[in-house]
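See below for the structure under consideration.
The values are calculated or read from the model by the stated rules, or taken from the named source; none is laboratory data. Worth saying up front: this structure is predicted, and the values here are computed from it rather than measured. Please note: Cβ atoms are built from the backbone with ideal geometry, for glycine as well, and neighbour counts cover all protein chains shown.
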Amino acid sequence: DTAVSQTPKYLVTQMGNDKSIKCEQNLGHDTMYWYKQDSKKFLKIMFSYNNKELIINETVPNRFSPKSPDKAHLNLHINSLELGDSAVYFCASSQDPREKGYTFGSGTRLTVV
Amino acid sequence: GDSVTQMEGPVTLSEEAFLTINCTYTATGYPSLFWYVQYPGEGLQLLLKATKADDKGSNKGFEATYRKETTSFHLEKGSVQVSDSAVYFCALKSPDYKLSFGAGTTVTVRA
């Protein structure tokens, strides 16, 4: 039933590790996004894919690599994790975002120790 | 680039008080404007939206009017409840599909 689902919900890992966060939407939307929310609740877009094609790629370290195997999935892989990567990562999707905005997942809280 | 500036918090209110959260935007063209709400431990939910000037978005007792002349989209609620305690985000959609968020305003309503 969940429209946009992310896994895992919590992720605790050591510096230097590589980890992935998965996102799936069952809404039939064409566009998916990754946002990062820092400890002050500030939200910043990282990437966006439209029908598996990268359309937004903000200034993000190249340790972050999105992958979209199909338009219902957008995964985020992070190499060589750093302390500053600790944040909540939100996946979202949209169809005609001007009218309907985005549907967000419940977030993945990443803690790098 | 397009951006949103919203009132800094935190805001603490008593139940049944009037809530206003100011939001102003800078954009080329005519963006769509949104308010999102994030309850503790949850993701963001769309609260209301407006897609053109003078549109009023409303939901759950909250209202916001798209004011082109003042480039504003202030959120208001006449009588808040404890359950309205959350972080509220003003957002603007740019033509490139990107949704830009304000810094968020934490609202706490006391019984």
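For the stretch A:50-93, filtered to residues that are more than 14 Å from the chain's Cα centre (by Cα), of a type in the set (Asp, Glu) and modelled with pLDDT of 90 or more, the residue that is farthest from A:His29 (Cα to Cα) is A:Glu82. Candidates are the residues of the stretch A:22-45 that are more than 11 Å from chain B (Cβ to nearest Cβ), in a strand (DSSP E or B) and of a type in the set (A, V, I, L, M, F, W, C); the one that is surrounded by the most Cβ atoms within 10 Å (Cβ to Cβ) is A:Trp34.
Elements of the type strands (runs of 3 or more DSSP E) sitting completely within the stretch B:8-111 and holding at least 2 residues that are more than 14 Å from every other protein chain (Cβ to nearest Cβ) and more than 12 Å from the chain's Cα centre (by Cα): these cover B:11-14, B:105-110. Filtering the stretch A:55-113 to residues that are part of a loop (DSSP other than H, G, I, E, B), more than 19 Å from B:Asp96 (Cβ to Cβ), within 14 Å of chain B (Cβ to nearest Cβ) and out of contact with any Gly (no Cβ under 7 Å at 6 or more places or on another chain) leaves nothing.
Scanning the stretch B:5-32 for residues that are modelled with pLDDT under 95 and either among the aliphatic types (A, V, I, L, M) or touching a Lys or Arg at 6+ places or on another chain (Cβ under 8 Å) (or both) yields B:Met7, B:Ala27, B:Tyr30, B:Pro31, B:Ser32.
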